[in-house]
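Below is one structure, written out as structure tokens, with a few remarks after it.
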Amino acid sequence: MKQKLILIVLFIFLHLRTFNEKVYKHTISNIKLIKTHLNINFDYLGVKYVYGGTSTKTGLDCSALIQQIYKDNKLNIPRTTKQQILIGKEIQLKQIKQGDLLFFTGRSIPTHINTNKVGHVAIYIGDNKIMHATSKGVIIDSIGNKHWIYYYKKRLITIKRINLYNS
């Protein structure tokens, strides 16, 4: 009787361990799937631009918008463009994916690859579009249109991909 009870307990233990390992592996797989893309909150569209602003109610600047998007996805990134440009892996425009950050010089600054000269950041949302906070508020622009080619492309400093697994 004692041996039967031990065998039953052992069987249950081994069965539960296998079950838990399967559940764990499935959960980890789902976390990786979720973390491969950011959820972009399009409710930010139209929020007014305020230099240094960090509130969706009173206004955001470009880097606060990016920080908020990452925060919505439970990821912490620095607050300013000068800090944000220092993180992530540099990629080429042809490699761009949803969630990548595009850094630009300020409007009156000639292009320099120098973090002290960075003045603007946008996030790539897919389909050749970026979301960013401009003097018009939070808007979506197309990369590749005339405005992009004549205004933003020549101000582009770098594109960075943030590792979504280091939160």
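Rule-based calculations on the coordinates, nothing more; no lab input. Everything numeric in this text was worked out from a predicted model, so none of it was measured. Cβ sites come from the backbone with ideal geometry, for glycine too, and all protein chains shown count toward neighbours.
Suppose we keep only residues that are in a strand (DSSP E or B) and within 21 Å of SER135 (Cα to Cα) within the stretch 56-101. Which one would you say is farthest from the chain's Cα centre (by Cα)?
GLY59
Among the residues of the stretch 129-167, write down those that are hydroxyl-bearing (Ser, Thr, Tyr) and not in a helix (DSSP H, G or I). Steps first, please.
Restricting attention to the stretch 129-167, the residues satisfying the condition of being hydroxyl-bearing (Ser, Thr, Tyr) are 134-135, 142, 150-152, 158, 165, 167.
Across the stretch 129-167, the qualifying residues are THR134, SER135, SER142, THR158, TYR165, SER167.
Tally up the residues in the stretch 69-93 that are under 17 Å from PHE103 (Cβ atoms) and touching a residue at least 24 places away in the same chain (Cβ under 8 Å), please.
16
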